[in-house]
Amino acid sequence: MTVQECYAAMGADYDGVFSRLRKDERIQKFLLMLLKDPSYALLCESMEAGNAEEAFRAAHTIKGVGQNLSLTPLYESASRLSDFLRGRNDITDEARNEFGTLKEECKKTADCIRQLDAPPQA
């Protein structure tokens, strides 16, 4: 899978990220770093524990990464979740619903990135 095919599979903006990073190798490097980022695990733990403040920080980080790498669906979902959590002490039903959407986007994104990193099939 090429970087451009990966972006198409994720529904992300390849042209946007390419205009900033200029090389597929550089884009791929940053995408692979995303798989090691602890923000998603922190978000899951914080949502489970009902810690809205920590969940907000993690969602906001995912939002920033999504925006910088032009991962549009991931960015948009993380942005909505951040908005639902901002300044709150509790986790609302709206936040829980959006968290479900973000989990799906994170899984789709991670699966596509893993395919990008997989050795070619014979």
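The values are calculated or read from the model by the stated rules, or taken from the named source; none is laboratory data. Keep in mind that what you see is a predicted model, and the values were worked out from it rather than measured. Note: ideal-geometry Cβ built from the backbone for every residue, glycine included; neighbour counts use all protein chains shown. To get the accessible areas, we keep the full protein, side chains included, count just its heavy atoms, and leave off ligands, DNA and RNA. Shrake-Rupley method; radii C 1.70, N 1.55, O 1.52, S 1.80 Å.
Each residue of region 14-29 was assigned a 3J(HN,Hα) from its phi angle through the Karplus expression (A = 6.51, B = -1.76, C = 1.60, θ = phi - 60°), giving 4, 4, x, 5, 5, 5, 8, 9, 6, 9, 4, 4, 5, 4, 4, 4 Hz with x at Gly and Pro. In the chain, the longest principal axis of the Cα atoms and the axis of helix 52-68 are about 20 degrees apart. With the whole protein complex present, Lys103 retains an accessible surface near 90 Å², based on a 1.4 Å probe. In this label model, Thr101 and Met1 are separated by 2.3 nm, measuring between points 7 Å along each Cα→Cβ vector. Computed with a 1.4 Å probe over protein heavy atoms only, the accessible area of Tyr75 comes to about 60 Å². Annotation: Met1 carries an accessible surface of approximately 90 Å², with a 1.4 Å probe and no ligand, DNA or RNA atoms counted. If only the Cβ of Lys and Arg carry +1 and only the Cβ of Asp and Glu carry -1, the dipole of the chain around its Cα centre is close to 420 debye.
Give me the 1.4 Å probe accessible area per residue for region 58-122, excluding ligands and nucleic acids, in Å².
Working: 3650 Å² over 65 residues.
I get 56 Å² per residue for this part.
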